[in-house]
1. Considering only region 213-248, state which residues are closer than 26 Å to residue 132 by Cα, without any contact (Cβ under 8 Å) to a residue 60 or more places away in the chain and part of a helix (DSSP H, G or I).
2. Please name all residue pairs, on different chains or six or more residues apart, with Cβ atoms under 7 Å, provided the first residue is in region 88-101 and is at negative phi and touching a residue at least 24 places away in the same chain (Cβ under 8 Å) and the second residue is among the aromatic types (Phe, Trp, Tyr) and surrounded by fewer than 22 Cβ atoms within 10 Å (Cβ to Cβ).
3. Can you name every residue in region 249-301 that is of a type in the set (S, T, N, Q) and without any contact (Cβ under 8 Å) to a residue 12 or more places away in the chain?
4. Could you tell me whether residue 272 is in the same structural domain as residue 46 (by TED's automatic domain parsing), modelled with pLDDT of 95 or more and among the basic types (Lys, Arg)?
5. Within region 38-60, is there a residue that is farther than 22 Å from residue 134 by Cβ, surrounded by fewer than 20 Cβ atoms within 10 Å (Cβ to Cβ) and touching a Pro at 6+ places or on another chain (Cβ under 8 Å)?
6. Suppose we keep only residues that are part of a helix (DSSP H, G or I) and hydroxyl-bearing (Ser, Thr, Tyr) within region 258-312. Which one would you say is nearest to residue 46 (Cα to Cα)?
7. Only residues that are at positive phi and either in contact with an Asp or Glu (Cβ under 7 Å, 6 or more places away or on another chain) or crowded, with 18+ Cβ neighbours inside 10 Å (or both): list them for region 1-37, please.
Amino acid sequence: MKEKLIVILGPTAVGKTALSLQLAQKLRTEIISGDSMLVYKGFDIGTAKPTCEEMAGIRHHMIDILEPAAEFSVTQFKALATEEIGTLNRQGKIPLLAGGTGLYIKSLVEDYCFNKTPGDEAYRQSLEVLAEEKGKGYVHGLLEAVDPVAAVRLHVNDFRRVIRALEVYHMGGETISQENKANAGELAYDVYAIGLNRPRPELYERINARVDKMFADGLVAEVQRLLSAGTPRDCQAMQGIGYKEVAAFMDGSITLAEAAEQIKKATRHFAKRQLTWYRKMPYIHWYDVASLNADELLQMVYRDIAGKFVIK
């Protein structure tokens, strides 16, 4: 019998955190983060990490588990999330996986296979889909973290050679097999996938407002604190949207206003890439958040979940 899982996904700033907290309370369960940035300690404001007050006593997993300079991969995510899902199922709980990193969620739900093989075609494909979701600059940032000399030599738009340089570095390492359960018409879990969406103009307004709030809440001070504590500017986490732009402001490359505008633009583009990614996941049940108030959305989603699972 497959383990049960509820997934809440959607573009950034759509309202996933609020629904996941309400639903977890109603279902008396726990939340697993599916976000690739929330794993890092100290990366709070720029990742819109829920605060202790916002968590409202609901246990969250896979948040603040890594030091700032650590690397984190889809392979690690899948292994950790699989373990957490199994533990919660054994406790009689249906875990809520909430997040926005499409590759991570897809690899888990569709059970991508990770293996040690001499072939690198799958690894190249994994970098290409990562670029599709997060942008070429993110993949170039991965190269900066492992081979700064090559990163200086290769422009971000010289993407084939960037991928080749990463491939050479990772030769013999873990690669992603495109063989997965979804290709065979099944998923790894007994899953109900909830997709939240809003009209694009409204979503973009929420993104812009969120970025403004991040600066008001102290994003610049957060980046300064991380860098002062010795977090390398070229590490994986510092390549995240919001952090690299503020770092550029701090070294005088751009103004604060330019940093804010670049963050808003990058986040809007990221939201578009997320939606493109999720269109490849036909098992998602979509909800138009704009047409419902918070209570209506919660009741509708709960009713649909109760129609699939036996809720104790």
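The values are calculated or read from the model by the stated rules, or taken from the named source; none is laboratory data. For clarity, every value in this text was computed on a predicted model and none was experimentally measured. No Cβ is skipped: glycine too gets one built from the backbone with ideal geometry, and neighbour counts run over all protein chains shown.
1. Hits for region 213-248 are 245, 247, 248.
2. Matching pairs, first to second residue: 94/309.
3. Just the residues of region 249-301 that are of a type in the set (S, T, N, Q), to begin with: 253, 255, 262, 267, 274, 276, 291, 293, 299.
Result: 253, 255, 291, 293, 299.
4. Values: in the same structural domain as residue 46 (by TED's automatic domain parsing): yes; modelled with pLDDT of 95 or more: no; among the basic types (Lys, Arg): yes.
So residue 272 does not fit the description; no.
5. So the first thing to find is which residues in region 38-60 are farther than 22 Å from residue 134 by Cβ, and the list is 51-60.
When the remaining residues are screened for being surrounded by fewer than 20 Cβ atoms within 10 Å (Cβ to Cβ), the result is 51-59.
Keeping just the survivors that are touching a Pro at 6+ places or on another chain (Cβ under 8 Å) gives none.
No, every residue in region 38-60 fails to be farther than 22 Å from residue 134 by Cβ, surrounded by fewer than 20 Cβ atoms within 10 Å (Cβ to Cβ) and touching a Pro at 6+ places or on another chain (Cβ under 8 Å).
6. If we filter region 258-312 for residues that are part of a helix (DSSP H, G or I), which is where we start, we get 258-278, 289-291, 294-308.
Still in the running and hydroxyl-bearing (Ser, Thr, Tyr): 267, 276, 278, 291, 302.
Working: 267: 11, 276: 23, 278: 23, 291: 28, 302: 30 Å.
Per the criteria, the residue is 267.
7. Answer for region 1-37, where residues must be at positive phi and either in contact with an Asp or Glu (Cβ under 7 Å, 6 or more places away or on another chain) or crowded, with 18+ Cβ neighbours inside 10 Å (or both): 10, 13, 15.
A quick yes/no check of all residues on (1) in contact with a strand residue (DSSP E or B) (Cβ under 9 Å, 6 or more places away or on another chain); (2) of a type in the set (A, V, I, L, M, F, W, C); (3) at pLDDT 95 or above:
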site	(1), (2), (3)
208	no, no, yes
217	no, no, yes
221	no, yes, yes
224	no, no, yes
228	no, no, yes
232	no, no, no
242	no, no, yes
252	no, no, yes
